[in-house]
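A.B. asks: First, the structure itself, so that you have it in front of you.
The values are calculated or read from the model by the stated rules, or taken from the named source; none is laboratory data. Keep in mind it's a predicted model, so treat the numbers as computed, not measured. Every residue, glycine among them, receives a Cβ derived from its backbone with ideal geometry; neighbour counts consider all protein chains shown. To get the accessible areas, we keep the full protein, side chains included, count just its heavy atoms, and leave off ligands, DNA and RNA. Shrake-Rupley method; radii C 1.70, N 1.55, O 1.52, S 1.80 Å.
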Amino acid sequence: MPNAAATATSTATVDVRQCVVSTNDLRRRVLPLWVGTFLQGFALWVPVEKLFMSEIGFDAATIGLMVGAYAALIPVAEVASGVLADRWSRRGVLMLAGVALVLSVLVGAVSWNVPTYIVAALLFGLYFAMYSGTMEAVVYDVVLEETGDSQAYEREIGRVRFVESVALVASALAGGWLASVLSTRATYFLTLPFVLFYLVALTRFCEPRLHQASERTSLREHLAVTYRAITHRGRLVPIAAASLMAAMILQAMFEFGPLWLITLEASPVYYGPFWALLVAMLGVGGLLAGRLRLDRPVPVAVVVLVMLAASLTLTSSRDLVALTVAMVALTFLLVVIGIYVSRLLHDAVPSTIRTGVVSGIGAVSWLVFTPFALVFGAVSKQFGVYVSGWMLTGAVALAGAALGWARHRAPLR
């Protein structure tokens with residue numbers, strides 16, 4: 001199959017570079033994305049969300065209801081927003097995501113009971129679904145327009161992840177302090193200006209036009225092509241499998257990692273640095289993603305072995321430091337893998353369906369994560385977190401196999 005990047009370039013018979021800056025100034029082109037990424041990631045309410053929820057009447061059952069509603073919405077919204085981004089405007093979808101985030105934070109800020117806060121959570125789910133796959137596609141297309149190939153994609157998406165990580169760490173530290181000085185509710189109101197400025201930053205972004213370069217097809221045909229790209233292209237199967245497994249395990253680390261701290265009765269003061277370390281790996285992994293050369297067999301073998309060692313530590317160690325190191329290492333490597341297979345995925349599909357395919361695979365990862373999370377939680381409650389840790393080990397083994405398969409099917413750079 002011909003390289004999709006070359007296909008996209010060769011089919012760009014219309015003026016796709018109408019707002020492109022000089023060829024050697026890729027950094028200026030993506031600068032508004034960096035600024036916007038920082039602003040939307042500066043969420044002061046995130047570190048104290050569970051505390052705020054308990055203050056307005058949430059318990060374990062209602063939290064489960066909220067997570068279930070959130071997880072059910074995202075797959076549907078991801079597919080719809082991906083198709084919309086391909087057929088309309090990727091910057092437009094990112095701005096719609098920002099509007100959903102503004103509404104989510106605002107509704108959360110004025111929530112006084114469980115039902116209203118669930119509405120805020122659903123709005124946040126809409127934001128997440130519209131933002132995630134669209135941001136990857138827009139960065140890939142900017143790199144393709146500016147450089148003519150995808151070699152710089154891992155570096156550029158890694159920088160976006162790093163900026164996002166800096167925002168998350170900074171807002172986590174600031175949010176906890178502001179909640180202690182003011183109130184948990186105040187952190188929601190204080191987040192709103194950052195999200196509004198995110199929308200302003202996007203207005204300065206020059207959108208790539210590669211996805212509009214070919215002749216427009218009907219919505220039905222577009223959906224059919226997107227579906228066939230996901231299900232019928234043999235090269236996409238291992239890439240999608242590796243992407244799905246990495247995303248699922250990464251989500252599990254953030255959702256269930258603190259359970260080990262609870263089991264070992266860690267001091268409350270430990271939770272802040274622990275969470276900051278996990279979130280920081282989003283940025284560190286982003287910066288180093290392109291340097292581990294996962295297109296080579298030896299680095300792949302080393303990465304898989306380290307991941308297996310880290311996951312096995314979660315099934316046996318009672319040492320808090322060792323467990324933290326294992327979770328941090330596992331999170332870092334999952335981010336690196338996610339970025340690598342993301343490039344393979346974008347290389348394998350044309351720009352006209354790129355966001356839809358990425359969002360479709362993202363939707364499947366959420367559908368897989370939901371039963372995994374339910375079983376993991378049930379096993380942890382019944383037998384303890386160290387037994388459920390074996391589920392992570394099994395998932396890591398499958399992810400390693402999928403990564404090796406994807407690398408074997410991908411061409412060397």
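A.B. asks: Express the carbon and sulfur contribution to the solvent-accessible surface of the stretch 275-377 as a percent, rounded to the nearest whole number, probe 1.4 angstrom. Don't skip to the answer; put the middle values down first.
C.D. replies: Working: 2680 of 3390 Å².
Reported share for carbon and sulfur atoms: 79 percent.
A.B. asks: Still on this model: Rounded to a whole number, what is D in µm²/s for the stretch 34-137 from Stokes-Einstein with the Kirkwood radius over alpha-carbon pairs (10 °C, 1.306 mPa s)? Numbers along the way, then the final one.
C.D. replies: Working: Rh = 14.3 Å.
So the translational diffusion coefficient is about 111 µm²/s.
A.B. asks: Between Asp319 and Trp88, what FRET efficiency comes out of the Förster formula 1/(1 + (r/R0)^6) with R0 = 56 Å and r the beta carbon distance, rounded to 0.05?
C.D. replies: Details: r = 52 Å, r/R0 = 0.93.
Efficiency computed from Cβ-Cβ geometry: 0.60.
A.B. asks: Let me ask something else. Taking a ≥ b ≥ c as the square roots of the Cα gyration tensor eigenvalues, with a/c under 1.5 meaning rounded and otherwise prolate when a/b beats b/c, else oblate, which class fits the stretch 281-413?
C.D. replies: Because a/c hits 1.5 or more and a/b fails to exceed b/c, the stretch 281-413 counts as oblate.
A.B. asks: Show me, bin by bin at 10 Å from 0, the whole-percent P(r) of the stretch 116-183 based on Cα pairs.
C.D. replies: Final binned percentages: 18, 29, 32, 16, 6, 0.
A.B. asks: Oh, and also: Tell me, what is the per residue accessible area of the stretch 263-373 in Å², probe radius 1.4 Å? Before the final figure, lay out each step's value.
C.D. replies: Numbers: 4000 Å² over 111 residues.
On a per-residue basis, 36 Å².
A.B. asks: Please report, as a whole percent, how much of the solvent-accessible surface of the stretch 98-187 comes from carbon and sulfur atoms (probe radius 1.4 Å). Show your work: numbers first, answer last.
C.D. replies: Details: 2280 of 3060 Å².
On the stretch 98-187, the fraction of accessible area on carbon and sulfur atoms equals 74 percent.
A.B. asks: Using 0.36 nm per residue, how much length does the chain from Ser180 to Val237 gain when fully extended, once their Cα-Cα distance is taken away? Before the final figure, lay out each step's value.
C.D. replies: Details: separation 57, 0.36 × 57 = 20.52 nm, distance 4.84 nm.
This chain segment gains 15.7 nm when fully extended.
A.B. asks: Skip the ligands, DNA and RNA, and give the accessible area per residue of the stretch 31-121 with a 1.4 Å probe, whole Å².
C.D. replies: Accessible surface, normalised per residue, equals 39 Å².
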